[in-house]
1. What number goes with the only condition from (1) away from chain B (no Cβ under 11 Å); (2) in contact with a strand residue (DSSP E or B) (Cβ under 9 Å, 6 or more places away or on another chain); (3) assigned to a loop (DSSP other than H, G, I, E, B) that A:Ser70 does not pass?
2. Residues of region A:26-59 being facing another protein chain (nearest Cβ under 8 Å) and not in a strand (DSSP E or B), which ones?
3. Considering only residues of region B:18-43 that are closer than 20 Å to A:Val93 by Cα and among the aromatic types (Phe, Trp, Tyr), which is farthest from the other protein chains (Cβ to nearest Cβ)?
4. Scan region B:48-83 residue by residue and report those that are touching a residue at least 24 places away in the same chain (Cβ under 8 Å) and not in a loop (DSSP other than H, G, I, E, B).
5. Taking region A:48-93 only, how many residues are touching a residue at least 40 places away in the same chain (Cβ under 8 Å) and either out of contact with any Phe, Trp or Tyr (no Cβ under 6 Å at 6 or more places or on another chain) or within 23 Å of B:Cys92 (Cβ to Cβ) (or both)?
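Readers should treat all values here as calculations from the given coordinates under stated rules, not as data from a laboratory. Note that this is a predicted model, so its numbers are computed, not measured. Cβ placement follows ideal geometry from the backbone for every residue including glycine, while neighbour counts extend to all protein chains displayed.
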Amino acid sequence: AQSVAQPEDQVNVAEGNPLTVKCTYSVSGNPYLFWYVQYPNRGLQFLLKYITGDNLVKGSYGFEAEFNKSQTSFHLKKPSALVSDSALYFCAVRDGGTYKYIFGTGTRLKVLA
Amino acid sequence: DTGVSQDPRHKITKRGQNVTFRCDPISEHNRLYWYRQTLGQGPEFLTYFQNEAQLEKSRLLSDRFSAERPKGSFSTLEIQRTEQGDSAMYLCASSDSTDRLIYEQYFGPGTRLTVT
């Protein structure tokens with residue numbers, strides 16, 4: 001069965017420091033992996049995706065993520081955090097054999113000034 | 001605004017009543033998804049349409065839930081005989097499939113349902 005784990009409910013980081021938000025997944029086929037961000041009172045917004053190809057994926061707002069097949073991970077990273085990055089981040093996976101997307105429980109990122 | 005829209009944004013209903021929500025996807029998108037999100041959880045997949053065909057449905061979608069997309073454009077999600085456990089945010093998302101490399105979904109603002 002498909003599953004996604006975001007092991008940290010909250011991540012705190014100082015502004016200007018690098019940030020990492022962790023995600024691990026389990027699928028039976030080829031994984032299609034996504035990160036979305038949810039700001040207060042706003043809908044989920046797409047950040048980046050991994051479908052195939054280069055393991056390092058670059059997305060919106062300076063975010064990037066690294067696909068690691070052996071560790072079944074897809075961690076979200078940013079070299080220098082901004083206070084405005086504070087939001088709820090969701091990792092999602094789609095098993096290549098279905099149309100169903102599974103979302104993690106979310107990680108709240110708090111960037112401290 | 002050409003994004004995904006949902007109506008109503010908020011709905012309060014009494015237990016046992018039926019409710020219907022509407023989603024208007026981005027006009028050129030032929031894939032449409034419904035999700036449910038409760039506090040502290042990520043979106044939970046309910047169902048998927050490609051054009052007017054409902055191609056996948058979660059086992060979580062009980063007989064009280066039904067969704068339609070009659071002309072392959074807007075979609076409706078109906079909940080019959082609502083229960084307090086149905087209280088949640090109901091999200092709609094759409095995506096394009098004309099370019100098979102594009103899989104990301106665009107989400108609407110959601111309909112918050114409160115069952116009293």
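1. Failed condition: (2).
2. Correct list: A:Arg42, A:Gly43, A:Ile51.
3. Filtering first and then ranking leaves B:Trp34.
4. Across region B:48-83, the qualifying residues are B:Phe49, B:Gln50, B:Ala67, B:Ser75, B:Thr76, B:Leu77, B:Glu78, B:Ile79.
5. Matching residues across region A:48-93 total 17.
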